[in-house]
Amino acid sequence: MAIRDYNDEEEHPPLLQSSDHNLTGTVWTAVAHIITAVIGSGVLSLAWSMAQVGWIAGPLSLLLFAFFTLISAYFICDIHLYFNPNNGNTTMNRSYLQAVHTILGYKNGVMCGCLLYFSIFKTGVVYTITSAISMRAIRQSNCYHKDGHEAACEFENKYYMLMFGIVQILASQIPNIFHTKWLSIIAAIMSFLYSSIGVGLGLAQVIGKGKVEGSIYGISTTNPAQKVWLIAQAIGDIAFAFNFSFILLEIQSTLKSPPSQKVTMKKASTIAITTTTIFYLCCGASGYAAFGDLTPGNLLTGFGFYEPYWLVDFGNACIVLHLVGGYQICQSDPLIHKPFKVYPRKGKSNKSAAEVESLYSSLGNPTPFDQPMKL
């Protein structure tokens, strides 16, 4: 199998690359992947974010970030197949990092890689901590139900982090994103379940009180600097809730055609972003309406709700199951499987890349290297 040698780029320009995989992805599998990546447990903290900015800026911020995310997704879909006007050849970009390298060059690719992998690592840490908090919340919920809401039900996170890590080590044996369709579907269902639980409990609280809490300005603070800091944190949380662009091209590479992968991916992005935005608005609005200035950081783990305890437990279990799938889509594939794909370097021999590829193939896994295919 030929491996592109960037040292001979002038003699052998990049050509359209094929895939060893039998592409079976559809618009609905793409939607499942996107929802798994986008809707995280952060959806349950959007009520807190809305409480900081109020009834006007909160929904408006959600809609604006949804719009920006969708437009960005459209732009990225268009560079999956990149036509190089300098040499007249087309390259298939199967990842965000590969697209940066192909279009902007090697140095920009290295810089982007450093920032991208740091962001992925950071998100993985967030997933691990959040899953541990949700597992701990299940134990706390049962403790409060048994001993009363004033009981000292405090437990450590470290053992739950270890449990989550062990599960991820086992789940990471899935070769790559081509084999995670079933996992994404399960994770997407879990995200809908716990989001619906949060919305339902919030609406029940509003109906029980007989009034809607909150204001158009958000919570009151003792000084302007504190208010600015809380607003900035809330906007950051909302922006983080829409993050999926860095795996868009991987998802697009799993889609079958016709219709073209670009058309299918744009349709999937529209459906997924619209769906998640509706859920975000419902979760944020119902939580803020229920608690007002006292809105907790997370509707299920912050114990805004104690009863029915079994429903709170089920919601937190759904969060953990969703994060297992989300970690595999957003973290494991880029951080565990992609390192086998040796980053090509100018002026260096590809012998080591070929050796790693040979070893990887001998293990029975699909090769992660790209194959040139003449148009």
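We did not get these values from a lab; they are worked out from the coordinates using the rules stated. A quick note: this is a predicted structure, and the numbers were derived from the prediction, not measured. Ideal geometry is used to build each Cβ from the backbone, glycine not excepted, and the neighbour counts take in all protein chains shown.
General remarks:
- The range 170-268: trypsin sites (Lys or Arg not before Pro) in DSSP coil with no more than 10 other Cβ atoms inside 10 Å: K211
- The lysine pair tally for the range 27-341, using Cα distances under 28 Å and a gap of 8 or more places or different chains, is 29.
- Across the range 27-341, the fraction of Cα-Cα pairs farther apart than 37 Å, rounded to a whole number, is 19%.
- Mean separation of Cα contacts under 8 Å, 6 or more apart, over the residue count of the range 27-341: relative contact order %: 45
- The chymotrypsin sites (Phe, Trp or Tyr not before Pro) of the range 180-262 meeting both criteria, a DSSP state outside H, G, I, E and B (loop) and at most 14 other C-beta atoms within 10 angstrom of the site's C-beta, are Y217.
- The range 110-151 versus the range 252-284: alpha-carbon centroid distance in Å: 26
- In the range 261-313, chymotrypsin sites (Phe, Trp or Tyr not before Pro) in a DSSP loop with at most 13 other beta-carbon atoms within 10 Å: Y306
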